[in-house]
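All remarks here apply to the structure that follows.
Just so it is clear, none of the values below were taken in a lab; they were calculated from the coordinates. Computed from a predicted model, the values in this text were never measured in an experiment. Heads up, the Cβs are rebuilt from the backbone with ideal geometry, glycines too, and the neighbour counts pull from every protein chain shown.
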Amino acid sequence: MSDIVEDRLMVVFATEGTGHYEAEIGSTTTVTEFVEIAVTKTGIEGLIEVYVEDAEEPLGHDAVLIEHLSVEFAPLHVAKPGKIATTVRYQGRHVEHPFRPSATIAKVTKWAVSQLASTEDPIDFQLKHDGHVLPPDSHLGQVARGEKSIVLDLVFKVKPQG
């Protein structure tokens with residue numbers, strides 16, 4: 001009789017508006033099994049999708065989760081189905097686009113600059129929500145707090161004068 005030892009890995013995942021959690025998964029853990037772990041840890045109910053950061057589509061429920069993890073650290077995202085209708089305002093104009101909850105604020109900023117200030121460098125801009133600057137590595141689903149629509153403002157970064 002042989003003992004089979006399964007490799008275990010700690011992953012970090014974010015949920016819409018509630019923060020980050022850690023979970024231990026095995027080398028054969030499917031997305032469906034991970035969803036069960038996420039529900040136990042967070043108390044989220046209903047249909048749930050799992051995303052890799054900045055992905056356009058959720059992972060299939062039969063997929064083996066470890067096969068979709070990045071070599072570089074990036075949290076997974078657990079969210080209710082659907083995209084977030086995102087409106088970005090800038091100098092009296094606005095544009096709209098649906099993004100997944102796993103979209104980084106950097107991705108949304110780059111898109112918004114390409115639509116509203118195409119001759120400018122995205123590095124010179126940031127997004128605000130309700131007057132608060134959003135860190136570029138934060139995620140739209142967390143900012144929207146589970147809502148499926150959000151309004152953001154595109155603003156120039158304040159540059160120190162020296």
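Below, the figures for the structure above:
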item	result
Global size of segment 75-125 as Cα Rg and Dmax, reported in angstrom	12.2, 36
Highest average packing first - 13-19, 97-103, Cβ atoms within 10 Å	97-103, 13-19
Among the listed pairs K41/K110; K80/K157; K107/K148, those beyond 29 Å (Cα-Cα)	K41/K110; K80/K157
Residue order, fewest to most beta carbons within 10 Å, for E49, E33, E22	E22, E33, E49
Cα Rg, Dmax, segment 8-79, angstrom units	10.9, 30
Unit Cα scatterers, Debye sum, segment 84-156: log10 I(q)/I(0) for q = 0.14 Å⁻¹	-0.35
Förster radius 22 Å - calculated FRET efficiency between S149 and T32, Cβ distance, rounded to 0.05	0.15
Cβ-derived FRET efficiency at R0 41 Å, V133 paired with R8, nearest 0.05	0.60
Average Cα contact separation per residue, the chain, under 8 Å, 6 or more apart, as relative contact order %	23
Computed [θ] at 222 nm, helices only, for the chain once each DSSP H run of length n ≥ 4 contributes -39500 (n - 2.57)	-5000 deg cm²/dmol
Amide H contacts of T30 (H built 1.01 Å from N, under 5 Å, at least 5 apart or other chain)	L65
Sites K41 and K157, calculated FRET efficiency, Cβ-Cβ separation with R0 25 Å, nearest 0.05	0.10
Where labels lie 7 Å past Cα in the beta-carbon direction, separation of E96 and K83 in nm	1.2
